[in-house]
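As structure tokens, the structure follows; a few thoughts come after it.
The values are calculated or read from the model by the stated rules, or taken from the named source; none is laboratory data. On a predicted model such as this, the values are computed, not experimentally measured, just so you know. All Cβ positions, glycine included, derive from the backbone under ideal geometry; neighbour counts span all protein chains shown. In case anyone asks, the SASA skips ligands and DNA or RNA and just uses the protein heavy atoms, side chains included. Shrake-Rupley method; radii C 1.70, N 1.55, O 1.52, S 1.80 Å.
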Amino acid sequence: MNPISHEHADVSGGRVRAATFGAMDGLVTNISLVAGVGGAGASAHTIVLSGVAGLIAGAFSMALGEFTSVSTQNEQLDAEVAVERNEIEKNPCGELDELIDMLTDMGMTESTATTAANEIHADTDGAVNVHIIHELGVAPSDKPSPWVAAVSSFIMFAIGGIVPLIPYLLGFSSLILGLSVGAVGLLIAGGVAAYVTRHPIVRGALRQLCFGVVAAGATYLVGLAIGVPAGG
């Protein structure tokens, strides 16, 4: 028998999701911010100030949001594990029958399912894990780290947020150039995300660009309509 020769990507919802979300959010947020402030007629200095402020605020907001959401998700899973453990201890026969039914629904014969379920229930920890995996679709041992999610989202938001500001930081004052650099960033980020998830790269890149264009266009029109006050 040949050994298993393939590997799966991490889909537990930890660093990959947080990093991708952070990069996309950083790009779209600051491209839109630059478009809105630039559309209002603000100076290059004001655009940079707004962009850097948005980058810092957004990065911290993303990190705190990721930490809180992942921690809450993990705490909820821990609570469900405790409930399942209590049920197995209080009603072992009922939980055993439940597992037998789940295994037969998967295609096992009743006799095979009964044997397997009894062997699984010989170890309480193993029984809890199997029940949680089958009932909730997640493994208690695969909980994502809130710290990894927070740091990943912080760093990637900052990287994404700095992209449309690069021309201004290099001394240019062209809104079109800033938005163009941001558009390239959106294409690259969308393409990389598609590559990682094994989807068509061109479609992923164009999809992200379209999302960014809609957001930037809306904020540009708002900025254009409001404008910068006289003397501002």
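Some notes on this structure:
- 0 to 90° range, to nearest 10: angle between helix 124-136 axis and the chain longest Cα axis: 50
- Helical runs (DSSP H, four residues minimum) scored at -39500 (n - 2.57) apiece and divided by the length of the chain put the mean residue ellipticity at 222 nm at -26500 deg cm²/dmol.
- Summing +1 for each Lys or Arg and -1 for each Asp or Glu among the other residues whose beta-carbon sits under 14 angstrom from that of Q76 gives -4.
- Between helix 15-39 and the chain: long-axis angle, C-alpha atoms, 0 to 90°, nearest 10: 20
- Mean projection of the Cα convex hull over all viewing directions, computed for the stretch 63-179: 10.7 nm².
- If you sort I159, I31 by accessible surface, 1.4 Å probe, largest first, the order is I159, I31.
- Relative contact order (percent, whole number), the stretch 131-232, Cα cutoff 8 Å, 6+ residue spacing: 14
- Among 38-50, 134-146, the peptide with the highest mean count of other Cβ atoms within 10 Å heads the list, and the full ranking is 38-50, 134-146.
- Burial ranking of peptide ranges 85-96, 164-175, 183-194 (average Cβ count within 10 Å, highest at the top): 183-194, 164-175, 85-96
- Working from Cα pairs under 8 Å separated by at least six residues, relative contact order for the stretch 58-200 is 31 percent.
- Rounded percent of accessible protein surface that carbon and sulfur make up, the stretch 85-197, 1.4 Å probe: 63
- Acute angle (nearest 10 degrees) that the helix 201-226 long axis makes with the longest principal axis of the chain, alpha-carbon atoms: 50
- Whole-number accessible area per residue in Å² for the chain, which is evaluated in the context of all protein chains at 1.4 Å: 58
- For the chain, the fraction of alpha-carbon pairs in successive 5 Å shells from zero, as %: 1, 7, 11, 12, 12, 11, 9, 8, 7, 6, 5, 4, 3, 2, 1, 0, 0
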